[in-house]
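What follows is a short report on a single structure.
The values are calculated or read from the model by the stated rules, or taken from the named source; none is laboratory data. As the structure is a computational prediction, the values presented were derived from the model and not from experiment. Positions of Cβ are backbone-derived with ideal geometry, glycine not excepted, and every protein chain shown enters the neighbour counts. Surface areas here come from the heavy atoms of the whole protein model, side chains and all, with no ligands, DNA or RNA. Shrake-Rupley method; radii C 1.70, N 1.55, O 1.52, S 1.80 Å.
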Amino acid sequence: MSQSAMEMGMDFKRRVMMWGGTIGCALGIGFVMQSTAQPERVMHAPSPVAQLSVRAPNPSTDVDDYAMLDVTGIILTSALTEIPEPDRLTLPLQEGERLASMAGVEQAAPEDPAVPILGCQVAAEASVLPMARVELSISAPCYGGQRVTIHHSGLAFTEVTDAEGALDVIVPALSRQAVFVISLDNGKGNVVQARVDDLHAYDRVAVQWAGPVELQVHAREFGADYGGPGHVWAASAAKGAGAVVRLGRTDTLSPKLAQVYTFPTAYAGRNGEVSISIEAEVTADNCARDITAQSLELRGEGPLRTRDLMLSMPNCDATGDFLVLNNLIEDLKIAAK
């Protein structure tokens, strides 16, 4: 055999070996892919739905051709005996029929939470009254029996609307250009203002608080004794030149309360002093506790002054007694004009 023939024979063997290796690799890869693609499963034994017989693939003459599997001989072994008939789509109504079907039916408009319901706005008006007071008339027809907080120049107190959502309250003004913010717990509210031109003629002292205590403003005008004429406080029947009003309701969640004493300094007609004291009854709810409060003072045409207060209530052995604080607020000095 010539050398060229030997070389051709060796080249043929190499090709055969390479083809054989290629086929072996392809079969190996096919086995690995099939093995990894099918995770191990625990098979139960339900009744089979169908039995399949698989016809063996046709022999391939070329390793590059893919053998196709033909599925034949399907035998159904179980099936539903009764298949429900699918629902039929109804034909759309013609225009005349649609209008006739809607006759007498009230169509409700979709609700949009970003758009307020008509007629549910919170309305408010402010009217100026004698003695530098302002009457607030609030109308919230969709919010009957709701908690309302009224803010004015640092003063804040809570009220409640009636069943129809109405509320009328009189507030001693603390600024000439009086601004009142009405706020409901749901975020609704309004802002009103009024000009109080006679505010300079009155001195005012207010104390406000929140918590289980009832603070009282007591004013003894021109040396008056307790319980006598000139001793003015919210629950007193005695008359004096000034008056004390109580703001806020206790039957609300987290109530804010206040008391305001007003003295008509410009109309006093005499010189003297008005002694101011803050009192609180010691109860089982507030004994041995610290109560936070705030005082507001408006004297003549001066600016409104505020001061934070901390009241240390006596021990519970003093339940039923009254705590009298004489030096928290400076006495009013009255000069005849």
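E135 - would you say it is charged (D, E, K, R), touching a Ser or Thr at 6+ places or on another chain (Cβ under 6 Å), free of Cβ contacts under 8 Å to residues at least 40 places away in the same chain and open to solvent by 50 Å² or more (accessible area, probe 1.4 Å)? Give the derivation first.
Numbers: charged (D, E, K, R): yes; touching a Ser or Thr at 6+ places or on another chain (Cβ under 6 Å): yes; free of Cβ contacts under 8 Å to residues at least 40 places away in the same chain: yes; open to solvent by 50 Å² or more (accessible area, probe 1.4 Å): yes.
In short, yes.
Among residues belonging to the stretch 234-248 that are open to solvent by 80 Å² or more (accessible area, probe 1.4 Å) and modelled with pLDDT under 95, point out the one that is farthest from I291 (Cα to Cα).
Of the residues in the stretch 234-248, the ones open to solvent by 80 Å² or more (accessible area, probe 1.4 Å) are 237, 239, 246.
Okay, now just the ones that are also modelled with pLDDT under 95, so 237, 239.
Values: A237: 28, K239: 30 Å.
Out of the qualifying residues, it is K239.
Anything in the stretch 258-294 that is within 43 Å of the chain's Cα centre (by Cα), among the acidic types (D, E) and closer than 17 Å to A219 by Cβ? List them, or say none.
Answer for the stretch 258-294, where residues must be within 43 Å of the chain's Cα centre (by Cα), among the acidic types (D, E) and closer than 17 Å to A219 by Cβ: just E279.
How many residues are under 26 Å from S175 (Cβ atoms), in contact (Cβ under 8 Å) with a residue 60 or more places away in the chain and either out of contact with any His (no Cβ under 6 Å at 6 or more places or on another chain) or open to solvent by less than 10 Å² (accessible area, probe 1.4 Å) (or both) when one looks only at the stretch 278-315?
Step one: list which residues in the stretch 278-315 are under 26 Å from S175 (Cβ atoms), which gives 278, 292-309.
Now narrow it down to the ones that are in contact (Cβ under 8 Å) with a residue 60 or more places away in the chain: 278, 292-301, 304, 306, 309.
Among the residues that remain, those that are also either out of contact with any His (no Cβ under 6 Å at 6 or more places or on another chain) or open to solvent by less than 10 Å² (accessible area, probe 1.4 Å) (or both) are: 278, 292-300, 304, 306, 309.
The total comes to 13.
Every residue in the stretch 252-273 that is surrounded by fewer than 20 Cβ atoms within 10 Å (Cβ to Cβ), assigned to a strand (DSSP E or B) and not acidic (D, E), please.
Start the filter on the stretch 252-273 by keeping residues that are surrounded by fewer than 20 Cβ atoms within 10 Å (Cβ to Cβ), which leaves 252-255, 264, 266-267, 269-273.
Now narrow it down to the ones that are assigned to a strand (DSSP E or B): 272-273.
If the condition is that a residue be surrounded by fewer than 20 Cβ atoms within 10 Å (Cβ to Cβ), assigned to a strand (DSSP E or B) and not acidic (D, E), then G272 is the only one that fits.
Please identify the pairs in which a residue from the stretch 316-337 that is in contact (Cβ under 8 Å) with a residue 12 or more places away in the chain has its Cβ atom under 6 Å from the Cβ atom of a residue that is among the polar types (S, T, N, Q) and part of a loop (DSSP other than H, G, I, E, B), counting only partners at least 6 apart or on another chain.
Short answer, once both residue conditions are applied: A335/N271; A336/N271.
Find all pairs meeting these conditions: Cβ atoms under 7 angstrom apart; at least six residues apart or on different chains; first residue within the stretch 211-227 and over 18 Å from L332 (Cβ atoms); second residue among the β-branched types (V, I, T).
Within 7 Å, the pairs are G211/I291; V213/I291; L215/V207; L215/I278.
Any idea which of (1) touching a residue at least 40 places away in the same chain (Cβ under 8 Å); (2) open to solvent by 10 Å² or more (accessible area, probe 1.4 Å); (3) β-branched (V, I, T) is the one I182 doesn't satisfy?
With respect to (1) touching a residue at least 40 places away in the same chain (Cβ under 8 Å); (2) open to solvent by 10 Å² or more (accessible area, probe 1.4 Å); (3) β-branched (V, I, T), I182 is out only on (2).
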